[in-house]
Each structure stands twice: as structure tokens, then as C-alpha cells.
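A.B. asks: Quick one: structure below, then a few questions.
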Amino acid sequence: AACTPNTLYRQFAVIGINLNTAALNSLPDVTPAQIAQISERLGFSSNPFVGAQVTGHAEDFKNPRSYQFGFGVEHELATNLVFGIDYSFVKTDRLQRNRDLNVPSPLTGEQYRAFLQANNTAANYATMVSNGTIDQILQSGRTYIALSTPGGLTFPGGSVTTRQRPTNDPALNPNFRFNLGSVQVRESTGKSLYQGLTFRTRLVRSWGQLNAYYTLSRNKSDDDNERDSGGVAYANPYDLRNEYAPSRLDRTHQFVANPVFFLPFDFEVSSAIRLRSGTPLNVYTGVDANGDSIFNDRPLFVPGVEIPRNYFRNRAVYDMDLRVQKSFRFDETRRLVFSGEFFNVFNTPNIVFRFPGTNNTSGPLLNYCSTGSQLCGTSGITNPSFLQTRYVSGPLAGQINLETNPASQVFQVQLGARFIF
């Protein structure tokens, strides 16, 4: 009776390959044509790779490597008053980046115009000329992947001839067409640089003590993915220069202080103060401007010059918490302590945008322009709600946008009592 080819051995055997006769160090090197034969014998398409989304690791992938050094100076200015300065430098390379290798080389505006002219009817091309589509392509200074219809352009019938991925292009693969989709490779080509200067002071007195820190820092990188399962972060796969910018974790200014005051009648007051500047924000056109099927294209400063990654800043966050406690002593071992804790004492709203530095394109607040356009940015900011916590115009004018949320809790009070014995 015929055996059902339900194992790898049997599936190879249907085209005459006997794995039992191959040593582990000399297994057969199966060709794409042989894989297609196996697929046909199993009753599947002659091309088993149609639309396959492939993810793998680069052959030379390496773990991250960092070089770091730092120094500090501390000096006692007066009795129990200490001042210090610390500097940190951390340079890291071999960071992971997801890159789609199965994309064609980019076309200049003139090359894309020629492609459209060669792959559309004369009437459709004439429509593109008359409705300004060709002018936008030539004026934007962008490069075009054109795997999908670039956004912000008007084409006859709503779509236009698109380009093939390299594995699907008969001109590049005349013998066998894989018909693969995205081929993402995890490579170790990312880099980052952190530099931080911290000023600190410590004061100790009979009436209280204070620890305070101020950090001025810069954290730059060209890819912020943290073991992402998939997807690419760059805007242009062939030009990563504008990706090296402030990291999504970057905060230029940070101030932290923890004062404690010992008051008469066994009262004690302490506080936690945290003042932080905003993290970077990435901004978008709201459309797939270069036609690579990924909606992460950024606006232009001027034609051909794209806004760098993470160019704008989220809102700063100011937090101050307070604790007051009163002790009642009964003897050397027993005392009763009443406490009150006040969070966000000044009830600071601290409204921030929820998507610092990510590829969010779901709403208008991070869209630079009111409508997606190839020339978005060349006329400045045209979306009145851009980086505003409330809608400025339209039917939702005045309402808080759901793309924002509080970075800290509202004013709260917590009361407590402890008996220590």
C-alpha cells in the first residue's frame, strides 16, 4: 500500500531523495525547483512560496556591544554639605534592526514618472499630468519604492501599476519565481550613544536632610526596536541617515529631589519631587508616501529633505508628592504614628501623548498635515490639531483627544496609622 507522505522523509522520497542514505554532514542541498516538485506531488500549488512572509536572522548577526566610561568628582563644601558631578558615556553598536530585504531599489521622481508613463495607457498618463500627480512626484524630491500605490497622489481609477518585489520579478528571477512577500532579516547594524552629566548635592542637618540630582543628557540611536517581533521602523530602507536622532527614551532634563524636615512636636515632613522634560515624538504624513506598504513616512522640511526621526518632543511631566507624619510616644518601645500622603500635590494635569517615538498613525495629533500629501511639510504645519491635547477644529473641537493620557495620577490623599511596639 502507498504511504501517505506525512513526514519529511516521505515528502523528500516522492521525488527520489532518500534521506536514509545521507550523512548528517552531507544532507542534500534541495533546490527551489525540487521544492516545487514536492509541492506538486503533495497536491499543492507548483509554487509553495506564494505570498510567504519570511523572517530570519542575518548570517553575521552579533549580540550588542557597548563601550562606556565615566568619572565623578565629589567635594564637601561645608560640614555635611556635599556637592558632586558625574559624567557617563555609553556607545553601543550591533543593536538589532529589522530590515526588509525584498524591496526593489528606489526610483527618483523622474524615474518613477518614466515608470508610470511606460506602464499606463496614454490616456491614464495624461490624466496624471493634468491632475497634478506627476508634478507632485517631481517636486517632492522623494524616492519611490512603489510596491503599492503611493499615498497623497490621485491616480485614474484610484490605483496604478505597482512594481514587483525582487523575488517576484521575472527579469531578476528568470528561472524560478519565489513570489515572496516581505523578507525581514534581523540584523545587528543599529547603534546608539548616551551622554549624561549629573549634578548632585547632599545636605544633612539636625532639622532635616536633602538629596537632589539634576541630569543633563542626550541619548541618540538609529533604531529603537526592543526585540520587536516584526515590522520595520525606518522610513526609507535605502537611506538611514535621518534615523540617527534622539532615542525614544531620551530626556534632556531630569531633576529629582527628596527633602525631609524634622519639625517640633515629633512632626516629620518629606517630599518626592520629579521634574522631567518630554521624550521625543515621531511625526508622519499620514500616508504611505513612498509606496513601500508601510505608513511611517515623515514630512519634508523642503523638497527632498525629510524631517529626522523623533524630531519633536512630548510634553514635560512635573510630579510632587508629600508625606506628613506625627508620632506619639508612650515609652521607649511603643509609639503611635499617624501619616498623610499627598500625591501630585498641585494636581498638575501632566497630559502627554501616548505614543512617544513609535510608528503610531491612528489619529490626527501626530499627523503633520491636515491631509496626506507628497509635499506634506513644505508649507509648514497644516494640521491645526498637531500636538495639541484638544481638537482645535472640526466636529470634535474642544474635546480631549484619545491619543493623550495623563502621565501621572490626579491629586490623591492617603491616610494611615501605625502602632509600633
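The values are calculated or read from the model by the stated rules, or taken from the named source; none is laboratory data. Here the structure is a predicted model, which is why all the values come from computation and not from measurement. Glycine also receives a Cβ, built like all others from the backbone with ideal geometry; neighbour counts cover every protein chain displayed. Keep in mind that these areas ignore ligands, DNA and RNA; they rest on the heavy atoms of the full protein, side chains included. Shrake-Rupley method; radii C 1.70, N 1.55, O 1.52, S 1.80 Å.
A.B. asks: When the helix-only estimate is applied to the chain (DSSP H runs of n ≥ 4, each -39,500 (n - 2.57), divided by the residue count), what is the mean residue ellipticity at 222 nm, nearest 500 deg cm²/dmol?
C.D. replies: Working: 5 runs with 43 residues, N = 421.
So the helix-based figure for the chain works out to -3000 deg cm²/dmol.
A.B. asks: Continuing with the same structure: Per 0.36 nm of contour for each residue apart, how much would the distance between SER130 and HIS75 grow if the chain were fully extended, relative to their Cα-Cα spacing?
C.D. replies: Values: separation 55, 0.36 × 55 = 19.80 nm, distance 7.33 nm.
Stretched out fully, the SER130 to HIS75 stretch lengthens by 12.5 nm.
A.B. asks: Compute, for ILE35, the solvent-accessible surface of its heavy atoms (probe 1.4 Å) with the complete set of protein chains present, and express it in square angstrom to the nearest 10.
C.D. replies: Probe radius 1.4 Å; accessible area of ILE35 about 60 Å².
A.B. asks: Ignoring ligands, DNA and RNA, what accessible area per residue does the chain give at 1.4 Å, in Å²? Walk me through the numbers on the way to the answer.
C.D. replies: On the way: 23160 Å² over 421 residues.
About 55 Å² of surface per residue is accessible.
A.B. asks: What share of Cα pairs, in percent, lie more than 28 angstrom apart in the chain? Numbers along the way, then the final one.
C.D. replies: Working: 58885 of 88410 pairs.
The share of Cα pairs beyond 28 Å in the chain comes to 67 percent.
A.B. asks: Tally Lys/Arg at +1 and Asp/Glu at -1 over every other residue whose Cβ is under 10 Å from the Cβ of ARG313; what's the total? All intermediate terms of the calculation are to be shown ahead of the outcome.
C.D. replies: Numbers: positive: ARG251, ARG315; negative: ASP250.
So the environment of ARG313 carries a net charge of +1.
A.B. asks: Compute and list, largest first, the equivalent-ellipsoid semi-axes of segment 133-242 from the alpha carbon gyration tensor, each √(5λ) rounded to a whole angstrom.
C.D. replies: On the way: eigenvalues 518, 84, 29 Å².
After scaling each eigenvalue by five and taking roots: 51, 20, 12 Å.
A.B. asks: Let me ask something else about it. Which FRET efficiency value, to the nearest 0.05, is calculated for GLN412 and SER327 with the Förster distance at 30 angstrom and r the Cβ-Cβ distance? Kindly include the intermediate steps, with their values, before the conclusion.
C.D. replies: Details: r = 23 Å, r/R0 = 0.78.
It comes to 0.80.
A.B. asks: At a probe size of 1.4 Å, how large is the accessible area of VAL413, to the nearest 10 Å²?
C.D. replies: VAL413 exposes around 80 Å² with every protein chain in place.
A.B. asks: Please report the net charge: other residues with Cβ closer than 14 Å to the Cβ of ASP86, K and R +1, D and E -1. Spell out each step's value before the answer.
C.D. replies: Details: positive: ARG200, ARG202; negative: GLU74.
My count for the surroundings of ASP86 gives +1.
A.B. asks: Mean separation of Cα pairs under 8 Å and 6+ residues apart, divided by the residue count of segment 118-173: what relative contact order is that in percent? Could you put the intermediate results ahead of the total?
C.D. replies: Working: 34 pairs, mean separation 19.3, N = 56.
Value for segment 118-173: 34 percent.
A.B. asks: With just the Cα atoms defining each centre, how far is segment 254-282 from segment 72-121? Give it in Å.
C.D. replies: A separation of 33 Å, based on Cα centres.
A.B. asks: Of the trypsin sites (Lys or Arg not before Pro) in segment 185-239, which ones lie in a loop per DSSP and count no more than 13 other C-beta atoms within 10 Å?
C.D. replies: Details: sites: ARG186, LYS191, ARG200, ARG202, ARG205, ARG218, LYS220, ARG227; in loops: ARG227.
Of the trypsin sites (Lys or Arg not before Pro), the ones in loops of segment 185-239 whose Cβ has at most 13 other Cβ atoms within 10 Å are ARG227.
A.B. asks: Here's a follow-up. How many nm is it between the label spots at PHE338 and ASN405, if each spot is 7 Å from the Cα in line with the beta carbon?
C.D. replies: 3.8
A.B. asks: Rounded to a whole number, what % of the accessible area of the chain do carbon and sulfur atoms account for, probe 1.4 Å? Numbers along the way, then the final one.
C.D. replies: Working: 12910 of 23160 Å².
Answer for the chain: carbon and sulfur cover 56 percent of the accessible area.
A.B. asks: Between ALA33 and VAL302, 0.36 nm times their residue separation minus their Cα-Cα distance comes to what? Write out the running numbers ahead of the final one.
C.D. replies: Working: separation 269, 0.36 × 269 = 96.84 nm, distance 4.88 nm.
Length difference between fully extended and current span is 92.0 nm.
A.B. asks: Per residue of segment 258-275, in order, report the coupling 6.51 cos²θ - 1.76 cosθ + 1.60 (Karplus, θ = phi - 60°) as ³J(HN,Hα) in whole Hz, putting x for Gly and Pro.
C.D. replies: Working through the residues one at a time gives 9, x, 9, 10, 9, 9, x, 6, 6, 8, 9, 10, 9, 8, 10, 10, 9, 10 Hz.
A.B. asks: What relative contact order, as a whole-number percentage, does segment 52-203 give when Cα pairs under 8 Å and 6 or more residues apart are counted? Walk me through the numbers on the way to the answer.
C.D. replies: On the way: 266 pairs, mean separation 64.7, N = 152.
It comes to 43 percent, rounded to a whole number.
A.B. asks: Rounded to the nearest 10 Å², what accessible area does SER339 have for a 1.4 Å probe in the complete protein model?
C.D. replies: Surface open to solvent at SER339 totals about 20 Å².
A.B. asks: Compute the FRET efficiency between ARG65 and SER229 as 1/(1 + (r/R0)^6), taking r as their Cβ-Cβ distance and R0 = 25 Å, and round to the nearest 0.05. Walk me through the intermediate numbers first.
C.D. replies: Working: r = 23 Å, r/R0 = 0.94.
Efficiency, rounded to the nearest 0.05: 0.60.
A.B. asks: Still on this structure, please answer the following. What spacing in nm lies between the two simple spin-label points modelled at SER159 and VAL269, each 7 Å away from Cα in the Cβ direction?
C.D. replies: 6.9
A.B. asks: Under 1.5 on a/c is rounded, so check that first for segment 13-122, then, if it is not, pick prolate when a/b is larger than b/c and oblate when it is not; a ≥ b ≥ c are the square roots of the alpha carbon gyration tensor eigenvalues.
C.D. replies: On the way: a/c = 5.14, a/b = 1.81, b/c = 2.84.
In terms of gyration-tensor shape, oblate.
A.B. asks: Let me ask you something else. What chymotrypsin sites (Phe, Trp or Tyr not before Pro) does segment 280-356 have in DSSP loop regions with at most 16 other beta carbons within 10 Å? Working shown, then result.
C.D. replies: On the way: sites: TYR284, PHE295, PHE301, TYR311, PHE312, TYR318, PHE328, PHE330, PHE338, PHE342, PHE343, PHE346, PHE353; in loops: PHE295, TYR311, PHE330, PHE346.
Sparse-neighbourhood loop chymotrypsin sites (Phe, Trp or Tyr not before Pro): PHE330, PHE346.
A.B. asks: Let me ask something else. Give the residue list of GluC sites (Glu not before Pro) in segment 1-102 that are DSSP loop and have at most 16 other beta-carbon atoms within 10 angstrom.
C.D. replies: On the way: sites: GLU40, GLU59, GLU74, GLU76; in loops: GLU59.
Here the sparse-neighbourhood loop sites are GLU59.
A.B. asks: Right, something else. Relative contact order, percent, of the chain when contacts are C-alpha pairs under 8 Å separated by at least 6 residues? Intermediate values should be presented prior to the final figure.
C.D. replies: Numbers: 941 pairs, mean separation 57.0, N = 421.
Reported relative contact order: 14 percent.
A.B. asks: For segment 375-391, take each phi angle, set θ = phi - 60°, evaluate the Karplus expression 6.51 cos²θ - 1.76 cosθ + 1.60, and give the result in whole Hz per residue in order, putting x for glycine and proline.
C.D. replies: Rounded to whole hertz, the list is 9, 3, x, 5, 10, x, 7, 10, 8, x, 8, 4, 6, 9, 6, 10, 4.
A.B. asks: Further question: Testing the spin-label approximation: label points 7 Å from Cα along Cα→Cβ at VAL14 and VAL54. State their distance in nm.
C.D. replies: 2.2
A.B. asks: On to the next question. Please report, in whole Å, how far the alpha carbons of segment 86-182 spread along each principal axis, starting with the longest.
C.D. replies: 66, 43, 20
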